[in-house]
Amino acid sequence: MKKFLVSFFVVLLSVVTVFSSVTYVDDLAREVTFDTPVNRVIVAAPSISDYLVTLKCEGKVIGVTDWDTHIKSEKIGNMVPLNLEKIVSLKPDLVFLTGGFQEPEVKRLENAGIKAFVINPGTFTDIYKSLMTIGTILGQKETAAKTANDFREKYVNISKQATNRTNKPKVLYASVYNTVTEIWTAGTGSVVNEMIAYAGGLNVAAPYTGNNGWLSVGPEFILSTNPDIIIVPSYYGDTAGKELLMKTPGLKDVKAVKNGKIYIVDENIVSQTSPSIIKVLEELNKIFGENK
């Protein structure tokens, strides 16, 4: 009888743990069906690696691009074009990649018999959803829910604090390289515009937009909007962009320049629209709070 019961429970357990086929929709509105658990992952975009690190799923990663600084794993080469021969040799269950310039790679992967899933967030809500989706695909649904909810709670709380702030500073986000004649800034439709609002600032470029919310402006725009604060992104922490703005004679009377209110943020984080962006949001919230 004991032997029969043991056998019965072993069979029952095996039935319970059988993987059920499940379908998810990626950010290209593609339906991707998984018939087996996803345990071997290649991450073809560094921004997506940040999600896996946040979810503590690095152990499932078997390959990353040469540009990845988040996860140490076997290198597969460039983001575009993807090295299909290398990817196929690693026998992944799934390749995560992003949208935009990587979209053509989806068809190439599919033609090679490799399952692909596109993650292309553009807002804080999208980041929350992407955490949920990636974590669930990787079999970490509970962890994903907790991590995503923690992320959302942080930016919602910061936004609530900033809402009650009076005399919000006027802010310009200015990507400056070599010259002030062409400055890239973030208008409506960009995650940076959303981040400035959540942190309690008034984005002077909010009335405008462009491709993914980005547009090019010149020194005349800085003069006409006269921001209280200028945020300058930098990949390596250098101050070249800030110094260029400070040294441009025509900008000396702009409030942010005159008062030395030009701040540098990590462009590696801001440009990726991934969970780590919360660090920059917290930083901006502090800066804006100190400049009431």
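The numbers here are math on the coordinates, done by the rules we state, and not lab data. Quick caveat: nothing in here was measured; it's all calculated off a predicted structure. FYI the Cβ positions are ideal-geometry reconstructions off the backbone, even for glycines, and counts take in every protein chain you see.
Can you give the Rg to Rh ratio of the chain, both from alpha-carbon atoms, with Rh computed by the Kirkwood formula?
Using only Cα positions, Rg/Rh for the chain is 1.08.
Calculate the spin-label point distance for Thr181 paired with Thr209, positioning each point 7 Å from the Cα along the beta-carbon direction, and give it in nanometres.
3.0 nm
Please report the base-10 log of the normalised intensity I(q)/I(0) for the stretch 35-181, using a Debye sum with one equal scatterer per alpha carbon and no solvent, at each q in 0.11, 0.13 (1/Å).
-0.51, -0.67
Can you show me the helix-derived [θ] at 222 nm for the chain, built from DSSP H runs with n ≥ 4 at -39,500 (n - 2.57) apiece and divided by the number of residues, rounded to the nearest 500. Kindly include the intermediate steps, with their values, before the conclusion.
Values: 12 runs with 122 residues, N = 292.
Roughly -12500 deg cm²/dmol at 222 nm, from the helical runs in the chain.
Taking only Cα atoms and a 10 Å spring cutoff, compute GNM fluctuations for the chain and point out the largest among Val171, Val53, Val192.
Of Val171, Val53, Val192, the Gaussian network model singles out Val53 as fluctuating most.
Using 1/(1 + (r/R0)^6) with R0 = 22 angstrom and r between the beta carbons of Tyr236 and Glu74, what's the FRET efficiency to the nearest 0.05?
Efficiency, rounded to the nearest 0.05: 0.25.
Can you list, largest first and rounded to whole Å, the semi-axes you get for the stretch 47-125 by taking the square root of 5 times each eigenvalue of its Cα gyration tensor?
Numbers: eigenvalues 70, 51, 26 Å².
Each semi-axis is the square root of five times an eigenvalue, giving 19, 16, 11 Å.
In a GNM of the chain with a 10 Å cut-off on Cα contacts, which of Asn83, Asn164, Asn226 has the highest mean-square fluctuation?
Of Asn83, Asn164, Asn226, the most mobile in the Gaussian network model is Asn164.
Assign unit charges at the C-beta atoms only (+1 for Lys and Arg, -1 for Asp and Glu), then state the dipole size of the stretch 59-214 relative to its Cα centre in Debye, rounded to the nearest 20. Don't jump to the answer; show the numbers that get you there.
Details: 17 positive and 14 negative charges, 93 e Å.
Value, rounded to 20: 440 debye.
Could you tell me the relative contact order of the stretch 164-292? Use alpha-carbon pairs under 8 Å, at least six residues apart, and round to a whole percent. Numbers along the way, then the final one.
Numbers: 232 pairs, mean separation 37.4, N = 129.
Here the relative contact order equals 29 percent.
Determine which lysines satisfy two conditions relative to Lys129: a Cα distance under 19 Å, and not lying fewer than 8 residues away in the same chain.
Lys56, Lys141, Lys146, Lys154, Lys279
Given a cut-off of under 8 Å on Cα pairs at least six residues apart, what relative contact order in percent is computed for the stretch 58-113?
On the way: 45 pairs, mean separation 14.8, N = 56.
Reported as a whole number, the value is 26 percent.
Can you compute the charge dipole magnitude of the stretch 151-271 about its Cα centre, using +1 on each Lys and Arg Cβ and -1 on each Asp and Glu Cβ, nothing else charged? Give it in debye, rounded to the nearest 20.
With only Lys, Arg, Asp and Glu charged at Cβ, the dipole is about 480 debye.
Once the Cα atoms of helix 277-290 and of the chain are each reduced to a long axis, what angle between those two axes, in degrees from 0 to 90 to the nearest 10, is obtained?
It works out to around 30 degrees.
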